1. Here is a check on your reading of the model: is residue 26 modelled with pLDDT under 75 and closer than 30 Å to residue 104 by Cα?
2. Looking at the range 45-94, which of its residues are closer than 19 Å to residue 105 by Cα and assigned to a loop (DSSP other than H, G, I, E, B)?
3. Of all the residues that make up the range 95-140, how many are over 27 Å from residue 37 (Cβ atoms) and in a helix (DSSP H, G or I)?
4. List the number of the failed condition for residue 135; all other conditions in (1) at pLDDT 85 or above; (2) closer than 23 Å to residue 75 by Cβ; (3) out of contact with any strand residue (DSSP E or B) (no Cβ under 6 Å at 6 or more places or on another chain) hold.
5. Report yes if some residue within the range 54-68 is surrounded by 10 or more Cβ atoms within 10 Å (Cβ to Cβ), modelled with pLDDT under 80, assigned by TED's automatic domain parsing to the domain that holds residue 135 and within 17 Å of residue 131 (Cα to Cα); otherwise report no.
6. When you go through 153, 183 one by one, which is the residue that is modelled with pLDDT under 85 and loosely packed, with under 10 Cβ neighbours inside 10 Å?
7. Provide a single number: the residues in the range 103-124 that are within 19 Å of residue 60 (Cβ to Cβ) and touching a helix residue (DSSP H, G or I) at 6+ places or on another chain (Cβ under 6 Å).
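The values are calculated or read from the model by the stated rules, or taken from the named source; none is laboratory data. Bear in mind that the values here come from a model prediction, so they are computed numbers and not experimental data. Here the Cβ positions follow ideal geometry from the backbone for every residue, glycine too, while neighbour counts run over all protein chains shown.
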């Protein structure tokens, strides 16, 4: 039996209003005054812009906040990229310098990178705060590739492959354990 419709209204009007009300609830409404917190400032300095063979690269980073609500990190991440191609070269962690800590608004980080682990050419150093994601960049130039660079690169690739294989094995073992526990 067919339902009678109200004259003058199309039958899909109720559905349209229902969809419109659902869309109002699904679309987020902006809240006035709700802004994300300010990022802290990171400043990076290196011992030299051009790195010769036998020199080590000294990297210092200063983390400071004015009105940021992010907590100070214990360490910052240093990533090195090849400037022309943007391919990752290396990754390091710069620990905090306990002696230079002044209150909770400024932190100092320091580290040394052996030139023997770096390739030749223009490189981009990117220091990132792991808590807030704030970063700072500085370019350097390496005149000659380090003798340990191929070995260091192979070690990094081996570590990455090991991590992926270990993760896959953990998933397989976990799935096997779940299947064994489910069987009566």
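1. Against the criterion (modelled with pLDDT under 75 and closer than 30 Å to residue 104 by Cα), residue 26 does not qualify.
2. Selection gives 65, 66, 67, 68, 69, 70, 71, 72, 73, 74.
3. Residues in the range 95-140 being over 27 Å from residue 37 (Cβ atoms) and in a helix (DSSP H, G or I): 4 in total.
4. So the condition that residue 135 fails would be (3).
5. The answer is yes; a qualifying residue exists.
6. 183
7. 2
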